[in-house]
Amino acid sequence: MARFNARGVWAIYRFEMQRFGRTLWTGLAVPAITTSLYFIVFGSAIGSRMGAIDGVGYAAFIVPGLMMLSLFNESIFNASFGIHMPRFTGTIYELLSAPLSAFETVLGYVGAAASKAVIVALVILATANIFIDVHIAHPVLMLAYLLLVATTFCLFGFIVGIWAKGFEQLQIIPLLVVTPLTFLGGVFYSIDMLPQPWRTLTLFNPVVYLINGFRWTFFGTADVDMAVSLGMTGLFLAICLALVWLIFRTGYRLKA
């Protein structure tokens, strides 16, 4: 039985985190500024004209959605860019010939990308607390769910990074698929506010379950049952794991 190569995993993780450190100011300042603008526009201008949603003030209601919005984008970008660069420069062959298993390689890249995404999400939470007092009903579950979603979307980003033939294609999935689904998934509103048939159609959006599961950890209430949200998140995670396994099994766009 092969021995776990902790040093190799740590080398990949450290390299990716150092890349994040070189752009630390930009990586943290941008989400903080963006969150502030969201609170000025939605929290103050619009939120002051809206009542509470399920007993939660509107400004507090959008905090989990804003964290998920940033988490999705950060997870996909960091993971896809991290694995795409070795393919672009040709160093992917050195990585494939190193004494690292597929699991260890994915663990290094996805672990680093998830760490960066979670840090950014927590910065957004800290920024939100400047404007309002955010009370978290289940803080441990919130952190666990945050890590679960970050890991899932980092795996998805890893797949995108291998699939993309160029840097332009890295932006297609986040911009044209994930971001629209996120905005339509209840970031700024409760899906109960939608008329039929739009409310029923919204339930086919997988992002709805991720956002509502995370919102439940904050307020103990959501538009979708927590068990259903966890089930959908687990299903998405299983699909991503299966696709990553298939990529390394077949060498899809790794060895060509």
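The values are calculated or read from the model by the stated rules, or taken from the named source; none is laboratory data. Being a predicted model, the structure only gives us computed values, none of them experimental. All Cβ positions, even for glycine, are placed from backbone atoms using ideal geometry, and neighbour counts span all protein chains on display.
What to note about this one:
- The residues of the range 210-231 that are surrounded by fewer than 18 Cβ atoms within 10 Å (Cβ to Cβ) and either assigned to a helix (DSSP H, G or I) or not acidic (Asp, Glu) (or both), listed by number, are GLY220, THR221, ALA227, VAL228, LEU230, GLY231.
- Top-ranked residue in the range 97-126 [being at pLDDT below 90 and not aliphatic (A, V, I, L, M); ranked as nearest to GLY161 (Cα to Cα)]: SER97
- Pick from the range 182-201, criterion surrounded by 17 or more Cβ atoms within 10 Å (Cβ to Cβ) and in a helix (DSSP H, G or I), ranking: farthest from the chain's Cα centre (by Cα): ILE191
- Only a single criterion out of (1) surrounded by fewer than 18 Cβ atoms within 10 Å (Cβ to Cβ); (2) in contact (Cβ under 8 Å) with a residue 60 or more places away in the chain; (3) more than 16 Å from ALA150 (Cα to Cα) is not satisfied by ILE53, namely (1).
- Residue match in the range 9-16 (condition: surrounded by fewer than 18 Cβ atoms within 10 Å (Cβ to Cβ) and not in a helix (DSSP H, G or I)): no
- Residues that are part of a helix (DSSP H, G or I), farther than 28 Å from ALA164 by Cα, of a type in the set (Val, Ile, Thr) and modelled with pLDDT of 90 or more occur in the range 63-85; there is at least one.
- Candidates ILE162, ILE136 - the one that is at negative phi and either in a loop (DSSP other than H, G, I, E, B) or hydroxyl-bearing (Ser, Thr, Tyr) (or both): ILE136
- Of the criteria (1) over 27 Å from PHE39 (Cβ atoms); (2) crowded, with 18+ Cβ neighbours inside 10 Å; (3) within 18 Å of the chain's Cα centre (by Cα); (4) of a type in the set (Val, Ile, Thr), which one THR105 fails: (3)
- Scanning the range 145-172 for residues that are of a type in the set (A, V, I, L, M) and within 13 Å of the chain's Cα centre (by Cα) returns LEU146, LEU147, LEU148, VAL149, ALA150, LEU155.
- Among the residues making up the range 141-168, those that are over 16 Å from THR182 (Cα atoms), crowded, with 19+ Cβ neighbours inside 10 Å and aromatic (Phe, Trp, Tyr) are TYR145, PHE158.
Residue by residue, here is whether (1) closer than 25 Å to GLY57 by Cβ; (2) not hydrophobic (A, V, I, L, M, F, W, C) holds:
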{"residue": "PHE156", "(1), (2)": "no, no"}
{"residue": "LEU170", "(1), (2)": "no, no"}
{"residue": "SER190", "(1), (2)": "yes, yes"}
{"residue": "ILE211", "(1), (2)": "yes, no"}
{"residue": "GLY220", "(1), (2)": "yes, yes"}
{"residue": "ALA227", "(1), (2)": "no, no"}
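- Check on ALA128, in a helix (DSSP H, G or I), within 13 Å of the chain's Cα centre (by Cα) and surrounded by 18 or more Cβ atoms within 10 Å (Cβ to Cβ): no
- Scanning the range 109-123 for residues that are closer than 16 Å to ARG7 by Cβ and either buried (at least 24 other Cβ atoms within 10 Å of the Cβ) or of a type in the set (A, V, I, L, M, F, W, C) (or both) yields a total of 2.
- Of the candidates LEU235, LEU243, LEU254, the single residue that is surrounded by 14 or more Cβ atoms within 10 Å (Cβ to Cβ) and not in a loop (DSSP other than H, G, I, E, B) is LEU243.
- Scope the range 194-215; condition in contact (Cβ under 8 Å) with a residue 40 or more places away in the chain and of a type outside the set (Gly, Ala, Ser); matching residues: VAL207, LEU210, ILE211, PHE214, ARG215
- Test: residue in the range 173-180 that is farther than 19 Å from PHE81 by Cα and in a helix (DSSP H, G or I): yes
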